[in-house]
1. Given the residues Ile78, Ile109, Ile54, which is the only one that is at pLDDT 90 or above and out of contact with any Phe, Trp or Tyr (no Cβ under 9 Å at 6 or more places or on another chain)?
2. Can you work out which of the residues in segment 135-145 that are in contact (Cβ under 8 Å) with a residue 60 or more places away in the chain and part of a helix (DSSP H, G or I) is nearest to Ile78 (Cα to Cα)?
3. Mind counting the residues in segment 92-107 that are free of Cβ contacts under 8 Å to residues at least 24 places away in the same chain and surrounded by fewer than 13 Cβ atoms within 10 Å (Cβ to Cβ)?
4. Enumerate the pairs (first residue in segment 1-17 and in contact (Cβ under 8 Å) with a residue 40 or more places away in the chain; second residue anywhere and in a loop (DSSP other than H, G, I, E, B) and surrounded by 14 or more Cβ atoms within 10 Å (Cβ to Cβ)) with beta-carbon separation below 6 Å, excluding pairs fewer than 6 apart on the same chain, so at least 6 apart or on different chains.
5. Considering only segment 68-82, state which residues are touching a helix residue (DSSP H, G or I) at 6+ places or on another chain (Cβ under 9 Å), more than 14 Å from Asn24 (Cα to Cα) and of a type outside the set (D, E, K, R).
6. What number of residues in segment 68-94 are within 18 Å of Ile121 (Cβ to Cβ) and among the charged types (D, E, K, R)?
7. May I ask you to list the residues in segment 12-23 that are closer than 19 Å to Ala133 by Cα and within 8 Å of the chain's Cα centre (by Cα)?
8. For the subset of segment 1-34 comprising residues that are hydrophobic (A, V, I, L, M, F, W, C) and more than 16 Å from Ile81 (Cβ to Cβ), which member is modelled with the highest pLDDT?
Amino acid sequence: MINYFKAAERLLAQRGNLEQALENLGRRRELASTQAKAERDNIKPRPYASSGGINAHTSARLELAEINREIVATRSTIAEIDRVLAQLDDADAELLRAWYIEHKSKEQIADELSYSSKTSIYDLRNKAVAAFAVLYYGAGALASI
């Protein structure tokens, strides 16, 4: 059985890394596009086809297609996380962003959100993660929270 609470924490914690992944994928796409163009330009019209040049061009185009699929999937995951965060109470969403996405210290979060102690911040975090898990994963999450 999936522990949806932990899965929600992992997903939220990776939100910032997904943004960085988009930047990295964008750079990889530029390189792959340049390589695909260079490989295409290396295929010269001849009475016979060189399988090496064609294979290199095909490989470069496949890599570019895979990178584009990853960009779409990463953008979709970021958008879904953000959509679910927007459905939470403002205080819960702010707490989760500060804790998991911005990686602020517990003391800093308590100060910024005017909470009295670190103990209460952990309780509030647990409540917010549980709400996120239910909204993201659905009824299956109820058993693990």
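1. On the way: Ile109 fails: out of contact with any Phe, Trp or Tyr (no Cβ under 9 Å at 6 or more places or on another chain); Ile54 fails: at pLDDT 90 or above.
Exactly one of Ile78, Ile109, Ile54 is at pLDDT 90 or above and out of contact with any Phe, Trp or Tyr (no Cβ under 9 Å at 6 or more places or on another chain), namely Ile78.
2. So the first thing to find is which residues in segment 135-145 are in contact (Cβ under 8 Å) with a residue 60 or more places away in the chain, and the list is 136-137, 140-141, 143-145.
Okay, now just the ones that are also part of a helix (DSSP H, G or I), so 136-137, 140-141, 143-144.
Values: Tyr136: 12, Tyr137: 15, Gly140: 22, Ala141: 20, Ala143: 25, Ser144: 24 Å.
For segment 135-145, the residue satisfying everything is Tyr136.
3. Going residue by residue through segment 92-107, those that are free of Cβ contacts under 8 Å to residues at least 24 places away in the same chain are 94, 97-98, 104-107.
Remaining after also requiring surrounded by fewer than 13 Cβ atoms within 10 Å (Cβ to Cβ): 105, 107.
Number satisfying all stated conditions: 2.
4. Sorted first by the residue in segment 1-17, then by its partner, the pairs are Phe5/Ile145.
5. Initial filter on segment 68-82 (touching a helix residue (DSSP H, G or I) at 6+ places or on another chain (Cβ under 9 Å)): 68, 70-71, 74-75, 77-78, 80-82.
Pick out the ones that are also more than 14 Å from Asn24 (Cα to Cα) and you get 77-78, 80-82.
Scanning segment 68-82 gives Thr77, Ile78, Ile81.
6. 4
7. Gln14, Arg15, Gly16, Leu18
8. From segment 1-34, those hydrophobic (A, V, I, L, M, F, W, C) are 1-2, 5, 7-8, 11-13, 18, 21-22, 25, 31-32; that's our starting set.
Right, trim to more than 16 Å from Ile81 (Cβ to Cβ) and you get 1-2, 25, 31-32.
Values: Met1: 69, Ile2: 85, Leu25: 97, Leu31: 90, Ala32: 88.
Taking the candidates together, the pick is Leu25.
The values are calculated or read from the model by the stated rules, or taken from the named source; none is laboratory data. For clarity, every value in this text was computed on a predicted model and none was experimentally measured. When we count neighbours, we look across all protein chains shown, and the Cβ atoms used for this are built from the backbone with ideal geometry, even at glycine.
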